[in-house]
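Student: Please see the structure below; I have some questions.
Every read-out reported here was derived from the displayed coordinates using simple, explicitly stated rules and does not represent laboratory data. Everything numeric in this text was worked out from a predicted model, so none of it was measured. A quick note on method: Cβ atoms are made from the backbone with ideal geometry, for glycine too, and the neighbour counts reach across all protein chains shown.
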Amino acid sequence: MTLQEAQQQVDTWIKTYGVRYFSELTNLAVLTEEVGELARVMARRYGDQSFKAGEHDNLADEMADVLWVLICLANQTGVDLTEAFAANLRKKTARDHDRHHNNTKLQRPTEQQ
């Protein structure tokens, strides 16, 4: 599925089942909430915290929730995520083409001098 197809599918779902989009500010709050839920799972899976009784290791579902709300925000603000992502990749490539290779903190132990 492409980003464009994902945007269309979310829009169709909202218009079919969701009645309408939440306001942009509400969706921003929901996005923040979903990122927090993703952070909770990450902290338990990869960090020092453990899962509490009844909590689930649903990393993929939490990532999909973040993506869903981000797509909602893109749709309702007129952002073409395909073009925005392509432009962002071009920007990062131009800006950072040597930056990370020259970062000694990122070198493997055998590469450090």
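Student: Could you identify which residue out of ASN102, ASN75, ASN27 has the top mean-square fluctuation in a GNM of the chain using Cα springs shorter than 10 Å?
Tutor: Maximum fluctuation in the GNM of the chain, among the listed residues, is at ASN102.
Student: Please give me the summed charge of the neighbours of SER50: other residues whose Cβ is under 13 Å from its Cβ, Lys and Arg +1, Asp and Glu -1.
Tutor: My count for the surroundings of SER50 gives +1.
Student: Quick one: Karplus J couplings for region 33-43, per residue in order, coefficients 6.51, -1.76, 1.60, θ = phi - 60°, nearest Hz, x for Gly and Pro?
Tutor: 4, 5, 5, x, 5, 5, 4, 4, 5, 4, 5
Student: Additional query: If you put +1 on each Lys and Arg Cβ and -1 on each Asp and Glu Cβ, how big is the dipole of region 1-93 around its Cα centre, in Debye rounded to 20?
Tutor: 220 debye
Student: Still on this structure, please answer the following. Only sites in a loop by DSSP and with at most 13 other Cβ atoms within 10 Å count here; which chymotrypsin sites (Phe, Trp or Tyr not before Pro) in region 12-57 make the cut?
Tutor: Those that pass, being in a loop and sparsely packed, are TYR46, PHE51.
Student: Apply the a/c threshold of 1.5 to the C-alpha gyration tensor of region 61-107 and tell me whether it is rounded, prolate or oblate.
Tutor: Verdict is oblate for region 61-107.
Student: Here is a follow-up. Mind checking the angle between helix 81-96 and the chain's longest principal axis? C-alpha axes, 0 to 90 degrees, to the nearest 10.
Tutor: So the inclination is approximately 20 degrees.
Student: Rounded, prolate or oblate: which fits the chain, taking a ≥ b ≥ c as square roots of the Cα gyration tensor eigenvalues, rounded meaning a/c under 1.5, else prolate when a/b beats b/c?
Tutor: Oblate, since a/c reaches 1.5 and b/c is not below a/b.
Student: While we're here: Taking square-rooted eigenvalues a ≥ b ≥ c of the alpha carbon gyration tensor, is region 1-67 rounded, prolate or oblate, where a/c under 1.5 means rounded and, failing that, a/b exceeding b/c means prolate?
Tutor: Prolate, because a/c is 1.5 or more and a/b exceeds b/c.
Student: Go through region 12-81 and name the GluC sites (Glu not before Pro) that are in a DSSP coil and have 12 or fewer other Cβ atoms within 10 Å of their Cβ.
Tutor: Hits after loop and neighbour filter: GLU55.
Student: Take every Cα pair under 8 Å in the chain that's 6+ residues apart, average their separations, divide by the length, and report that relative contact order as a whole percent.
Tutor: 33 percent
Student: Sticking with this structure for a sec: If the elastic network links every pair of Cα atoms under 10 Å, which of ASP80, ASP61, ASP48 fluctuates the most in the Gaussian network model of the chain?
Tutor: Among ASP80, ASP61, ASP48, the largest mean-square fluctuation in the Gaussian network model of the chain belongs to ASP48.
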